[in-house]
Amino acid sequence: MNTEIVKISADDSAEKYEYAVELLKNNQVVGMPTETVYGLAGNAYSELAVKRIFEAKGRPQDNPLIVHISEFSEIYDLVSEVPDIAKKLSEKFWPGPLTMILPKSEKVPMCVTAGLDSVAVRCPSHPVARNLIKNCGLPIAAPSANISGKPSPTKAEHVFSDLNGKIPLVIDGGESEEGVESTVISLCGEIPKLLRPGNVTLTELEMVCGKVLVDDAVLNPLKEGEKVSSPGMKYKHYSPNAEATILKGDYKSFCDYVNENKSDETYAMVFDGEGENLEVKYFTYGNKNDYRSLSNRLFDCLRELDTIGAKKCFVRCPEENTDDLAVLNRLLRAAAFRVIDLGDKK
Ligand code: TXA
Ligand code: MG
C-alpha cells in the first residue's frame, strides 16, 4: 500500500478533507494530527476499522482505544451515563488533552474497549482533528499512531516512518503542540482516578473534582500478577532502541557519571543550557523549570536517538512534583524503570 501525506491546515475548506473522510467512512485508517500526539484514526463503530488499527500498530488485543468526538454532545452516543463531574470536567478542559473513562453504551463495539465495560472518550482541540471528526459524522477511535512500544509521534513524518506501507494516508497538521498524550481520568469508581498523567495536571483536576486518586502504575512498575486499571500501563512503552537510563541527582554528578561510564555510542539527554563538561554527544529536551517545554520535545528526542543509532542514553531526571508527572511517567517507561540515584553514591 502506498502511504500518502497530505497537508491540511485549520482554515482549509471541507473539500480538503474529502479523501480522508471517504477513507474513514470506508473503514480504512488514517494518521490524524491532534494537539497531544498524532493518532491512528478509524470509525469507532466499525469492527473492521478497529481491527485495522490494531494490526497496523501491532497493538496487543487487550489494550483499549480512546474514542474521539468533536463536541461534548456526541458523548451521549458512547456512554451509558454522564455524571455531573464529567460535565464539569468537559466544560473546563474540552476541547483539549483530557480523556475521561465512563461506562460504555451498547453502541460501542467490544473490540474498541478490549472487552471492558467502560470507554475512554476525548474531544481534541486540534482544529484539523475536530473538522475531520465533524465532517465524518462518526466517533473516531484513535490510539497514538506509533508502532506499539515506540515513542508516540508528534510530527506527520514520525507516523510515516512507523506506518509507511501499512496505511493509505497521513494528514499533516503540523507539529503536535502538547507533545505528550492526554491525561486519562477514570470516572467509573466512587472517587475519580488518574490513570495516565498528561498536560491537564493533577492540581487542575482536583480543582474541579475535589480528591483524585493516582493509580500506582503512574510512577511504579507493575508487580508480578498485579491487576491494572489501564491496560496500556503494563506494556513496554515509548522505548527508543537505545538503552535509556535516568540519572537522579545534580548536573555535576550527572556529568561525572556519564563521563566515567561512556562508550562510543553513548548519548545524553539534558536540560536547556546544559551539556558543557559532557564528553558525549547530547540533546537538550527542554527547560528544567517548565514541564511544558519538556513534554513538548520529549518524544522527538527519543525518536532522534533511534535516527542516529544511539546504543545507550543517560537522561537528566525531571523534578518529581505532582504537576510534572507526565514527563517522568513517559521517561520511566522509555527507560524500562532503569533509574540510578546518584545521590546514593556520594
Ligand atoms: O492524547 C491521546 O490520548 C492520544 C491522541 C491520539 O488522542 N491517544 C492515545 O491513545 O494516547 P493510546 O491508545 O496510545 O492510549 C490510550 C490509553 C491506553 O493506556 C489505554 O490502556 C487507556 O488509554 N484506555 C483506553 N480505554 C480505557 C478504558 N476503558 N479503561 C482504562 N484505560 C483505558
Ligand atoms: Mg499509545
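The values are calculated or read from the model by the stated rules, or taken from the named source; none is laboratory data. Being a predicted model, the structure only gives us computed values, none of them experimental. FYI the Cβ positions are ideal-geometry reconstructions off the backbone, even for glycines, and counts take in every protein chain you see. Accessible surface areas use protein heavy atoms only, side chains included; no ligands, DNA or RNA. Shrake-Rupley method; radii C 1.70, N 1.55, O 1.52, S 1.80 Å.
For this structure, a couple of remarks:
- Residue under evaluation Lys88, criteria (1) of a type in the set (Lys, Arg); (2) surrounded by fewer than 23 Cβ atoms within 10 Å (Cβ to Cβ); (3) within 20 Å of His237 (Cα to Cα), criterion not met: (3)
- Qualifying residue in region 58-77 (condition: more than 16 Å from ligand 2 (Cβ to nearest atom), at pLDDT 95 or above and within 28 Å of Asp162 (Cα to Cα)): yes
- Pairs meeting the criteria (first residue in region 151-165 and over 15 Å from Phe54 (Cα atoms), second residue assigned to a helix (DSSP H, G or I) and open to solvent by 50 Å² or more (accessible area, probe 1.4 Å), beta carbons under 9 Å, at least 6 apart or on different chains) are Pro153/Phe160; Pro153/Ser161; Thr154/Arg297; Ser161/Thr307.
- Here Pro95 meets each of (1) at pLDDT 95 or above; (2) more than 21 Å from Thr203 (Cα to Cα) with one exception, condition (2).
- Here region 105-145 is the region considered, the condition is being polar (S, T, N, Q) and within 20 Å of Val228 (Cβ to Cβ), and the residue that is nearest to ligand 2 (Cβ to nearest atom) is Ser144.
So that you can scan it fast, the table gives a plain yes or no per residue for (1) closer than 13 Å to Pro64 by Cα; (2) within 12 Å of ligand 1 (Cβ to nearest atom); (3) among the charged types (D, E, K, R); (4) within 22 Å of the chain's Cα centre (by Cα):
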{"site": "Ile85", "(1), (2), (3), (4)": "no, no, no, no"}
{"site": "Ser90", "(1), (2), (3), (4)": "no, no, no, yes"}
{"site": "Ser105", "(1), (2), (3), (4)": "no, no, no, no"}
{"site": "Val128", "(1), (2), (3), (4)": "no, no, no, yes"}
{"site": "Lys150", "(1), (2), (3), (4)": "no, yes, yes, yes"}
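- Verdict on Leu213 being aliphatic (A, V, I, L, M) and either more than 11 Å from ligand 1 (Cβ to nearest atom) or crowded, with 24+ Cβ neighbours inside 10 Å (or both): yes
- Filtered by the rule that a residue be in contact (Cβ under 8 Å) with a residue 60 or more places away in the chain, outside any helix (DSSP H, G or I) and aliphatic (A, V, I, L, M), region 260-311 gives a lone residue, Ala310.
- Condition met for Gly149 (more than 16 Å from ligand 2 (Cβ to nearest atom) and small (Gly, Ala, Ser)): no
- Of all residues making up region 278-293, the number that are closer than 20 Å to Ile340 by Cα and crowded, with 22+ Cβ neighbours inside 10 Å: 1
- Members of region 293-316 that are over 18 Å from His237 (Cα atoms), more than 18 Å from the chain's Cα centre (by Cα) and at pLDDT below 95: Ile308, Gly309
- Scanning region 140-161 for residues that are over 12 Å from Val37 (Cα atoms) and crowded, with 23+ Cβ neighbours inside 10 Å returns Ile140, Ala141, Lys150.
- Filter result for Phe254 (open to solvent by less than 20 Å² (accessible area, probe 1.4 Å), outside any loop (DSSP other than H, G, I, E, B) and over 19 Å from Pro197 (Cβ atoms)): yes
- Among (1) under 22 Å from Cys209 (Cα atoms); (2) open to solvent by 10 Å² or more (accessible area, probe 1.4 Å); (3) touching a residue at least 24 places away in the same chain (Cβ under 8 Å), the one test that Cys111 misses: (1)
- Yes/no for Gly286 being under 20 Å from His158 (Cβ atoms), modelled with pLDDT under 95 and in contact with a Lys or Arg (Cβ under 6 Å, 6 or more places away or on another chain): yes
- The test for being in a loop (DSSP other than H, G, I, E, B) and open to solvent by less than 40 Å² (accessible area, probe 1.4 Å) does not hold for Pro221.
- Here is the figure for region 188-210: residues that are open to solvent by 40 Å² or more (accessible area, probe 1.4 Å), outside any loop (DSSP other than H, G, I, E, B) and either touching a strand residue (DSSP E or B) at 6+ places or on another chain (Cβ under 6 Å) or of a type in the set (Gly, Ala, Ser) (or both) total 2.
- Residue in region 241-248 that is over 21 Å from the mean Cα position of the chain (by Cα) and part of a loop (DSSP other than H, G, I, E, B) present: no
- Test: Leu163 is modelled with pLDDT of 95 or more, more than 16 Å from ligand 2 (Cβ to nearest atom) and of a type in the set (A, V, I, L, M, F, W, C): no
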